[in-house]
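Reading through the structure tokens given below for one structure.
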């Protein structure tokens, strides 16, 4: 017996997106992801659905090679606003690095991800909307993550940025 997905109505998209946001807040990313897929089936370029889809998938990252980072990249690359594309791509790289750290990967193997994240945040900062310092906040979080480990943990593979005092 083949079971098929049902299609939501275009009028139900707003309420569905509210539910997706709620499920993310309730730490139920699989439910949020499912709703985003339903919305995107009706409105393939729905910007909030693309953002939430990518975030819901990153909420599920475990640091395993099977993490669906390419799915997230595809969703974020479809964002039409350049600032948002850069900012959310930074989130993707940062969350991959954090998940891999939690999984026990050596910090020096993750510097390329943090470097990619910080590069995205730096580019986003150049075009950030007035009053929106999100890219700066994320940059600072990456710096604090780097400072949370000893400099020798990173094996000095992060040459482009001044790590300063690693005790900060």
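Bear in mind that the values in this text are calculations on the coordinates, not laboratory data. Because the structure is a prediction, the values reported are computed rather than measured. Counting neighbours? That spans all protein chains shown, and the Cβs are built from the backbone with ideal geometry, glycine included.
Points to keep in mind about this one:
- Most to least packed among 35-46, 5-16, 99-110, 83-94 [average Cβ atoms within 10 Å]: 83-94, 35-46, 99-110, 5-16
- Structure remark: mean-square fluctuation, Gaussian network model of the chain, C-alpha springs under 10 Å; the largest value among 140, 132, 27 belongs to 132.
- Ranked list, fewest to most other Cβ atoms within 10 Å of each Cβ, for 148, 34: 148, 34
- Using a cutoff of 8 angstrom between alpha carbon atoms and counting only pairs six or more residues apart, the relative contact order for region 1-60 works out to 35 percent.
- Computed helical MRE - 222 nm, the chain, DSSP H runs ≥ 4 contributing -39500 (n - 2.57), nearest 500: -19000 deg cm²/dmol
- Once the Cβ-Cβ distance of residue 45 and residue 127 is raised to the sixth power relative to R0 = 25 Å, the FRET efficiency obtained is 0.75.
- For the pair residue 140 and residue 27, a Förster radius of 22 Å applied to the C-beta separation gives a FRET efficiency near 0.35, rounded to the nearest 0.05.
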